[in-house]
Amino acid sequence: DFVSALPPEVSCRIFGRLDVQSLCRASAACKGWHRLIEGSERLWRHHCLAVRAVCRSDIDCDRRKGYSWKITLLRNYWKSKVKQEWLSGKYSNIPSQHSLPEKSMYPMDVDTWGEILEAELER
C-alpha cells in the first residue's frame, strides 16, 4: 500500500493523475485510500474546474451554496458530459428520439437547452 508508505502530498499527486471515474474507484479500494481521497479537496477541485468549462453557472451556484468541491463535481459531472456531447453535435443528425442512446438525456435547465439549440442552429 503506497499510500501508507508515502507522504500524503505525494500520494495526492499520484491520485491527482486519475480521471474522475478512476478516482472514485480508487476511493473504494481500501479504507486508507478512501480517507486520503475523500479528505483532499484539491483532488476534487481540479476535476470540478474542468467541468466548470461546460457548466459554469451550475458549478458557481453550487460553490456559492457552500457545497464541497467533491459534492459540486458529483452534482454536475454527468450533466457536463451530456451537455458536451450535445454541444459537440453528436446528436445533430439523429432521425428520431428512439435513436438516441440511453445516456443522452439529463435534466437540464432552460439556459442549457438554449445553448444547445443555438449550437444546432449554427451548424
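The values are calculated or read from the model by the stated rules, or taken from the named source; none is laboratory data. Please read all numbers here as calculations on a predicted model, not as lab measurements. Positions of Cβ are generated from backbone atoms using ideal geometry, with glycine treated the same way; all protein chains shown enter the neighbour counts. Just the protein is used for accessible areas: all its heavy atoms, side chains included, with ligands, DNA and RNA removed. Shrake-Rupley method; radii C 1.70, N 1.55, O 1.52, S 1.80 Å.
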Sort out which residues of region 15-40 are within 24 Å of GLN84 (Cβ to Cβ) and open to solvent by 40 Å² or more (accessible area, probe 1.4 Å), and write them in order of number.
ARG17, LEU18, ASP19, GLN21, CYS24, ARG25
Tell me, please, whether a residue that is of a type in the set (Ser, Thr, Tyr) and touching a helix residue (DSSP H, G or I) at 6+ places or on another chain (Cβ under 8 Å) can be found in region 49-61.
yes
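Any idea which of GLY114, GLY66 is outside any helix (DSSP H, G or I), surrounded by fewer than 15 Cβ atoms within 10 Å (Cβ to Cβ) and over 15 Å from the mean Cα position of the chain (by Cα)?
GLY66
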Report, by residue number, each residue of region 93-123 that is aliphatic (A, V, I, L, M) and in contact with a helix residue (DSSP H, G or I) (Cβ under 9 Å, 6 or more places away or on another chain).
ILE94, MET105, MET108, ILE116, ALA119
Region 1-21 residues that are closer than 21 Å to LEU49 by Cα, paired with ones that are part of a loop (DSSP other than H, G, I, E, B) (beta carbon under 8 Å, 6 or more apart):
CYS12/SER40; ILE14/LEU6; PHE15/SER40
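Within region 71-111, track down each residue that is in a helix (DSSP H, G or I), among the β-branched types (Val, Ile, Thr) and surrounded by 12 or more Cβ atoms within 10 Å (Cβ to Cβ).
Looking only at region 71-111, we keep the residues that are in a helix (DSSP H, G or I), and these are 71-87, 97-99, 102-104, 110-111.
Those still in the list that are among the β-branched types (Val, Ile, Thr) too: 71-72, 82, 110.
Correct list: ILE71, THR72, VAL82.
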Restricting region 41-63 to residues that are closer than 20 Å to VAL10 by Cα and of a type outside the set (D, E, K, R), the residue that is surrounded by the fewest Cβ atoms within 10 Å (Cβ to Cβ):
HIS46
